[in-house]
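Accompanying notes for the structure given below.
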Amino acid sequence: MLRSLHSLRRLNAHRTIFSYHLQPFLRESSPLFLPIPLYSFICSAATAVAAPEKASASCSALSRHVLEADDVLVRYQYADAYAAIELALDSVVKVFTVSCSPNYFLPWQNKSQRESTGSGFVIPGQKILTNAHVVADHTFVLVRKHGSPTKYKAEVQAVGHECDLALLTVDSEEFWEGMSFLDLGDIPFLQEAVAVVGYPQGGDNISVTKGVVSRVEPTQYVHGAAQLMAIQIDAAINPGNSGGPAIMGNKVAGVAFQNLSGAENIGYIIPVPIIRHFLSGVEENGRYVGFCSLGLSCQPTENVQLREHFHMHPEMTGVLVSKINPLSDAFNVLEKDDIIIAFDGVPIANDGTVAFRNRERITFDHLVSMKKPDEKAFLRVLRDGVVHELSISLRPVLMDDINTGYERLSELQVKKVNGTEVDNLKHLCSLVEGCHEENLRFDLDDERVIVLNYRNAKLATSRILKRHRIPSAMSGDLIDEIICSKAEVVCSS
């Protein structure tokens, strides 16, 4: 009896090992094409399960097959790494950037020219995908393919500072000879292995590091300060790796772009949905269009008393609207203290998350960010105890090259303009319009400073208005005030 119990315990342990070892093969492989030792292992397991009385005799065979399966899986993983290297050799390039960034302490001049390197890879359409921070403030960009001593001039076609992605083109036909492109895959599951390929500092040749997926959730992108989906992996992503692909199987699972400061072997890659959103925007509009926002600030409703106060039924979940951007479409549709119950039919939990894949959750902001500009979003809203079905047009933030780096400076009061204290909005407008200096300096709350070249800012204003279909940069009363002021100046002269 004791022997039988012992055998069954061993069998249960082998069942666990069996399911663990079989998992990588069930995704893409057919049993007919499984490696022979693993196939034999499966047959032995099946025999043991079908005939428990023979479990003891089968356990020794199972143990042998588990060891053989371990060896098979190790060789499978090595083969997977080699396959990633072979794919990368003809598609991953090294990016050489000469950049000249603005000097915010001495705004009348730029910083000294500097050189940096990064990585990129070829995608369909003879384009090279890399990170925005690799080519930020660029004056000259070169690329070099693996095994070649020649550097080729590249042009930056589109830059998305918000999502830290950029698209390069190379006119040289010689460069494209022998190059192959990488296809985009899907979001990897937790514990799936990926190979990060690129040109990190410390050497000149191509480098491959392996890791597994640890987490998938919205993360702050350091370069653009945006909160977008990112994949955390336990592979080191060092300077120079940025822009290189993270390969899973024979497809791209993401783009390496940042690591966690102060931690070891914690890196982040930009997932495929963010990449596709960036590429589709550039393809459809000829330029980067950005990621949409509802223009809201929401508060979780996890407290029972809070939910009762806003007439939420026990089975009802959602988030409380606490602030609405007056320039957003939501300002004309939603009201403060509304409860958003669902977004596009997807229920929102009290903590602001929605269901994502297999028992994972993600903030509902991800659903918002994946919408295209001017696309409608359908919201189910609880207002004064009554449920309403509403629709809102989504628009991206007003990103432009002129305001790159100032993304974090939002919702701050303007204290001074070029040293003059601001009395009100009308006074602020007159100070800006009447500027006769080369640069505009705005002193904000928390001792923050914004400096803009006046001439470039005026040109960028018209460009931003046209891009986002905004009829005017200011309200009618301010426009009339400016016209009257200019008329008085003309009369006095």
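The values are calculated or read from the model by the stated rules, or taken from the named source; none is laboratory data. Note that the coordinates shown come from a computational prediction; the quantities given were computed from them, not determined experimentally. Note that we place each Cβ from the backbone using ideal geometry, even for glycine, and neighbour counts take in every protein chain shown. When the accessible area is computed, the model is the full protein with side chains, heavy atoms only, and any ligands, DNA or RNA have been set aside. Shrake-Rupley method; radii C 1.70, N 1.55, O 1.52, S 1.80 Å.
Points to keep in mind about this one:
- For beta carbons closer than 9 Å, sequence separation of 6+ or different chains, a first residue in the stretch 352-363 that is farther than 17 Å from Leu296 by Cα and a second that is of a type in the set (Asp, Glu) and open to solvent by 30 Å² or more (accessible area, probe 1.4 Å), the qualifying pairs are Phe356/Glu217; Glu360/Glu217; Arg361/Glu217; Arg361/Asp351; Ile362/Glu217.
- Of all residues in the stretch 327-379, those being assigned to a loop (DSSP other than H, G, I, E, B) and more than 13 Å from Ser293 (Cα to Cα) number 16.
- Which numbered condition Ser280 misses (of (1) over 16 Å from Gln191 (Cα atoms); (2) open to solvent by less than 30 Å² (accessible area, probe 1.4 Å); (3) hydroxyl-bearing (Ser, Thr, Tyr)): (2)
- Under the condition of being more than 18 Å from the chain's Cα centre (by Cα), within 30 Å of Val451 (Cα to Cα) and aliphatic (A, V, I, L, M), the residues counted in the stretch 103-141 number 2.
- Neighbours by Cβ (under 8 Å, 6+ apart or cross-chain): first from the stretch 247-267, within 14 Å of Ile237 (Cα to Cα); second assigned to a strand (DSSP E or B) and of a type in the set (Phe, Trp, Tyr): Ala256/Tyr268; Phe257/Tyr268; Gln258/Tyr268; Asn259/Tyr268; Leu260/Tyr268
- The stretch 275-330 - residue that is among the β-branched types (Val, Ile, Thr), closer than 30 Å to Leu129 by Cα and out of contact with any helix residue (DSSP H, G or I) (no Cβ under 8 Å at 6 or more places or on another chain) and, of those, modelled with the highest pLDDT: Ile275
- Reported count of residues in the stretch 406-440, each being in a helix (DSSP H, G or I), out of contact with any helix residue (DSSP H, G or I) (no Cβ under 7 Å at 6 or more places or on another chain) and surrounded by fewer than 16 Cβ atoms within 10 Å (Cβ to Cβ), is 2.
- Residue match in the stretch 141-159 (condition: at positive phi and not in a strand (DSSP E or B)): yes
- For the stretch 113-121, the criterion of a residue being within 25 Å of Leu279 (Cα to Cα) and either of a type in the set (A, V, I, L, M, F, W, C) or loosely packed, with under 15 Cβ neighbours inside 10 Å (or both) is satisfied by at least one position.
- Among the numbered conditions (1) in contact (Cβ under 8 Å) with a residue 60 or more places away in the chain; (2) open to solvent by 50 Å² or more (accessible area, probe 1.4 Å), the only one that Val386 does not meet is (1).
- If you go through the stretch 388-405 and keep only what is at pLDDT below 75 and either touching a helix residue (DSSP H, G or I) at 6+ places or on another chain (Cβ under 6 Å) or part of a loop (DSSP other than H, G, I, E, B) (or both), you end up with Leu398, Met399, Asp400, Ile402, Thr404, Gly405.
- Failed condition for Asp443, given (1) within 20 Å of the chain's Cα centre (by Cα); (2) open to solvent by less than 40 Å² (accessible area, probe 1.4 Å): (1)
- Residues in the stretch 220-256 that are open to solvent by less than 10 Å² (accessible area, probe 1.4 Å) and of a type outside the set (A, V, I, L, M): Tyr221, Gly224, Gly240, Asn241, Gly243, Gly244, Pro245, Gly254.
- Taken as a whole, the stretch 200-213 holds at least one residue that is in a strand (DSSP E or B), among the hydrophobic types (A, V, I, L, M, F, W, C) and buried (at least 22 other Cβ atoms within 10 Å of the Cβ).
- Considering the stretch 300-315, and only residues there that are in a helix (DSSP H, G or I) and not aliphatic (A, V, I, L, M), the residue that is least open to solvent (accessible area, probe 1.4 Å) turns out to be Arg307.
- Selection within the stretch 316-351: residues that are in contact (Cβ under 8 Å) with a residue 24 or more places away in the chain, farther than 16 Å from Ser393 by Cα and of a type in the set (D, E, K, R). The member of this set that is least open to solvent (accessible area, probe 1.4 Å) is Asp338.
- Among the conditions (1) more than 28 Å from the chain's Cα centre (by Cα); (2) at pLDDT below 85; (3) on the phi > 0 side of the Ramachandran plot, Gly476 misses just one, which is (3).
Conditions (1) in contact with a Lys or Arg (Cβ under 6 Å, 6 or more places away or on another chain); (2) open to solvent by 40 Å² or more (accessible area, probe 1.4 Å), marked per residue:
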{"site": "Tyr152", "(1), (2)": "no, no"}
{"site": "Leu167", "(1), (2)": "yes, no"}
{"site": "Asp171", "(1), (2)": "no, yes"}
{"site": "Leu182", "(1), (2)": "no, no"}
{"site": "Gly185", "(1), (2)": "yes, no"}
{"site": "Pro188", "(1), (2)": "no, no"}
